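Report on the following structure.
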Amino acid sequence: MSGRAPWWRGATVYQVYVRSFADSNGDGVGDFPGLISKLDYVAALGVDAIWLSPTHPSPNRDWGYDVSDYDIVNPEYGTEADFDRLLKEAHARGLRIMTDEVLAHTSDEHAWFVESLKGGEKADWYVWAPAREDGTPPNNWLSAFGGPAWSYHPARRASYHHKFLRQQPKLNWRADGARAAALAVLDSWLKRGVDGFRLDVANAFLHDTALRDNPAVPQSARDASYWSRAANMQLHRRDSNLEDNLQVLNEIRMRVERYPDRFVMGEFSEDPERCGAFASPSEGLHSGYSFPLLHADKLGPEFIRDHYRTLARFPAHWPSIAFSNHDVIRTVTRFGGEKAPPALARLLLALLVALRGTLLLYQGEELGLPEASLRRDQIRDPIGDLYYPLYRGRDGCRTPMPWDAAAPNLGFTTGSPWLPLAPEHRELAPSLQERDPQSTLSCARRLLAARRESDALRLGGIEFLDAPAPVLAFLRTCANDRVLCAFNMSADDVSFQSDLLRHAVPLPICTDESRIEGDVLAMNPYAAFFAHV
Ligand code: NOJ
Ligand code: CA
């Protein structure tokens, strides 16, 4: 089966936040030559592909997620030749490259929006509507980043829609010209040799042309999270997550499939059941990720079982699985608080590696980095400033990679870094972890090697076993390959009984944190256990 499966099924994709990965020229900003110098490190992890956070020019209102030119690379990160060399050097190491394409909106500095402001041919390339008589927005849509999802612009004496910042106007995918131009962006990067895409807010290509209000979330369905942002108090049914979004996803996938062996995966941040997120790989995108695992903060078997219960309702769908990325609090801190033990970082890695889907591993997750804590004057994320210190934005997971414990700026840059290095990351630098076979990094490499070598872990089905909490246990099975995976999701010693354990052949993954005694597995706090059974 593995011979016939497309490369991305069960693959591990390593997310590089380029700006914070490695700086080659001392300007404090990560870049392509810096990343090229670290490709051996990435290849040695045992991942299959790299997802590059946005690589196009951007005024950086939302740090690359506001693109001002899709045709070229961001000169802050290097030249066009540097990017092509990155592709070549990655391919030479067996690593595929995926770019992050942000096509649901553009920057307000993109030439398309500048033209749309004047009316003319591109008048309808964005979502324009008259303000109400009293100047207030056309409807109740709220921005994910706070305030109305509309801004009035005097140039058109009208309002334009933006789901995020006002500098991120929504591209109108219902206008033929805009849709064709967005699809042409994908074509040009496929021709250039990229192996696939991560599509930003893939749930939000279409809007309701009648501009009807979003309904309120019913009182009975509200929980504490609804109060974290006003936009969470409405169901995003009319500004995004439209059922016909699936047609757009389909069209995108078919464009991508004109090129052999490419992969297109999307981010689905809201209401994934409506907008095509869970379609089969031959109906929508090849795959997608949603947010339950990225937002979870209570360790325990249920958060995983719940998610797979949802996925089980869409058996033809191939999921992408992420605990961590550039938008959420780093996992060890989210699940373990400020004093999380290293064993928790290893448990979370083992869990990720054992799960069914295409894995998304965020830079630094392999090191067990905790969330960095920044002062208000160090914050660069526009939404970090809104409610500081109650909410500090997303910079705490975006601080630069700590490469070398002994070097200034932990080896990220010889200059002044765009975001500070976290002092608490020093002791977790690869320069130290490389030398320690029990380190989180060494464990991550063994785990990823185990996954690469097992059809069951990469491609197999998942079947949950009846284990008493706090143990999570499941079988991954593919033809004759069957792997039992068990996790102690607590700080206490536990044991887990199963007849399958009698003939288990444990895989050498983390440490000797578990012992089989007959049909009982004795597990230390946060132990993970994989065995052929
Ligand atoms: C999702 C991206 O992951 C996030 O970083 C960005 O702010 C929004 N989309 C808007 O593009
Ligand atoms: Ca640089």
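The values are calculated or read from the model by the stated rules, or taken from the named source; none is laboratory data. Because the structure is a prediction, the values reported are computed rather than measured. Using ideal geometry, Cβ is built from the backbone for each residue, glycine included, and neighbour counts are taken over all protein chains shown. Keep in mind that these areas ignore ligands, DNA and RNA; they rest on the heavy atoms of the full protein, side chains included. Shrake-Rupley method; radii C 1.70, N 1.55, O 1.52, S 1.80 Å.
Express in whole angstrom the spacing between the alpha-carbon centres of the range 141-158 and the range 249-297. About 28 Å separates the Cα centre of the range 141-158 from the one of the range 249-297.
Pairs of Cα atoms nearer than 8 Å and 6+ residues apart set the relative contact order; for the range 461-532 it is 32 percent.
With Cα atoms defining each centre, the range 336-401 and the range 89-120 are spaced 26 Å apart in the structure.
Counting only Cα atoms, the size of the range 111-161 along its three principal axes is 28, 25, 14 Å, in decreasing order. Taking label positions 7 Å along the Cα-Cβ direction at both Ala210 and Arg305, the computed distance is 4.3 nm, reported to one decimal.
Which of the pairs Lys118/Lys163; Lys88/Lys170; Lys38/Lys339; Lys163/Lys191 have their Cα atoms more than 26 Å apart in this structure?
Numbers: Lys118/Lys163 22 Å; Lys88/Lys170 34 Å; Lys38/Lys339 30 Å; Lys163/Lys191 30 Å.
Result: Lys88/Lys170; Lys38/Lys339; Lys163/Lys191 exceed 26 Å.
Counting Lys and Arg as +1 and Asp and Glu as -1, each charge on the Cβ, what is the dipole of the range 229-351 about the Cα centre in debye, to the nearest 20? That gives the range 229-351 a dipole magnitude of about 360 debye.
Could you work out the mean projected area of the convex hull around the alpha carbons of the chain, in square nanometres to one decimal? Kindly include the intermediate steps, with their values, before the conclusion.
On the way: hull surface 96.6 nm².
Averaging across all directions leaves 24.1 nm² for the Cα convex hull.
Averaged over its residues, the chain has an accessible area of 39 Å² per residue, based on protein heavy atoms and a 1.4 Å probe. When peptides 430-437, 197-204 are sorted by average Cβ neighbour count within 10 Å, with the highest value leading, the order is 197-204, 430-437.
Let me know the shape class of the range 205-338, please: from the alpha-carbon gyration tensor, a ≥ b ≥ c as square roots of the eigenvalues, rounded when a/c is under 1.5, otherwise prolate if a/b is greater than b/c, or oblate. Taking the square roots of the gyration eigenvalues as a ≥ b ≥ c, the range 205-338 is oblate. Note on Arg192 and Arg426: the extension gain reaches 80.5 nm, defined as 0.36 nm multiplied by sequence separation minus the Cα-Cα distance.
What is the dipole size for the chain, taken about its Cα centre, with +1 at each Lys and Arg Cβ and -1 at each Asp and Glu Cβ, in debye to the nearest 20?
On the way: 58 positive and 70 negative charges, 98 e Å.
In total the dipole reaches around 480 debye.
Spacing of the modelled spin labels on Asp261 and Arg435, each 7 Å from Cα toward Cβ, amounts to 4.0 nm. Since only Val67, Pro138, Val47 are under comparison, the one whose Cα sits farthest along the positive direction of the charge dipole of the range 30-153, derived from C-beta charges on Lys, Arg, Asp and Glu, is Val47.
Rg over Rh for the range 1-119 works out to 1.04, using Cα positions for both radii and the Kirkwood form for Rh.
How about the range 317-367: which trypsin sites (Lys or Arg not before Pro) there lie in a loop by DSSP and see at most 11 other Cβ atoms within 10 Å? Working shown, then result.
On the way: sites: Arg330, Arg334, Lys339, Arg346, Arg356; in loops: Arg330, Lys339, Arg356.
Of the trypsin sites (Lys or Arg not before Pro), the ones in loops of the range 317-367 whose Cβ has at most 11 other Cβ atoms within 10 Å are Lys339.
Database remark: amide H of Thr12 closer than 5 angstrom to the amide H of Asp48, Ala49, Leu359 (H placed geometrically; neighbours at sequence offset of 5 or more, or on other chains; Pro and chain starts carry no H). Proximity of backbone amide H atoms, modeled 1.01 Å from N, is registered between Leu465 and Ala473, Phe474, Leu475 at under 5 Å, excluding neighbours fewer than 5 places apart on the same chain. A Förster distance of 35 Å, applied to the separation of the beta-carbon atoms of Glu80 and Asp271, puts the FRET efficiency at 0.35.
Considering only DSSP beta bridges with both partners in the chain, what is the antiparallel share in %, to the nearest 5?
Working: 37 of 64 bridges.
Within the chain, antiparallel bridges account for around 60 percent of the total.
Selection among Phe83, Ala22, Asn480 by position relative to the dipole of the chain gives Asn480 as farthest towards the positive end (Cβ unit charges, Cα centre). Highest average first, the peptides 51-61, 24-34, 131-141 ordered by how many other beta carbon atoms sit within 10 Å of their residues are 51-61, 24-34, 131-141. A simple spin-label model places the labels of His532 and Leu386 5.1 nm from each other, with each point 7 Å out along Cα-to-Cβ.
Quick one: if the Förster radius is 56 Å, what FRET efficiency do Trp227 and Lys88 give, using the C-beta to C-beta distance and rounding to 0.05? Can you show the working numbers first?
Working: r = 49 Å, r/R0 = 0.88.
Taking R0 as 56 Å, the efficiency between Trp227 and Lys88 is 0.70.
With helices as the sole contributors, the chain gives -6500 deg cm²/dmol at 222 nm; each DSSP H run of n ≥ 4 counts as -39500 (n - 2.57), and the sum is divided by every residue. Measuring nothing but alpha carbons in the range 146-223 and taking Rh as the Kirkwood radius, the Rg to Rh ratio lands at 1.06.
Given an 8 Å cut-off on Cα distances and at least 6 residues of separation, report the relative contact order of the range 411-533 as a percent. Walk me through the numbers before you get to the answer.
Details: 199 pairs, mean separation 25.2, N = 123.
Reported as a whole number, the value is 21 percent.
Rounded to the nearest 10 degrees, the angle from helix 342-354 to the longest Cα principal axis of the chain is 80 degrees.
Report in % the part of the accessible area of the chain that belongs to carbon and sulfur, leaving out ligands and nucleic acids; probe 1.4 Å.
Details: 10300 of 20590 Å².
Carbon plus sulfur share of accessible area: 50 percent.
Is any residue of the range 459-474 close enough, with backbone N under 17 Å, to a label point placed 7 angstrom from the Cα of Asp493 along the Cα-Cβ axis, and if so, which? Answer for the range 459-474: 470-471. Normalised by the number of residues in the chain, the average gap of Cα pairs under 8 Å and 6 or more apart makes the relative contact order 13 percent. Rounded to the nearest 20, the Cβ-based charge dipole of the range 312-429 about its Cα centre (Lys and Arg +1, Asp and Glu -1) stands at 340 debye.
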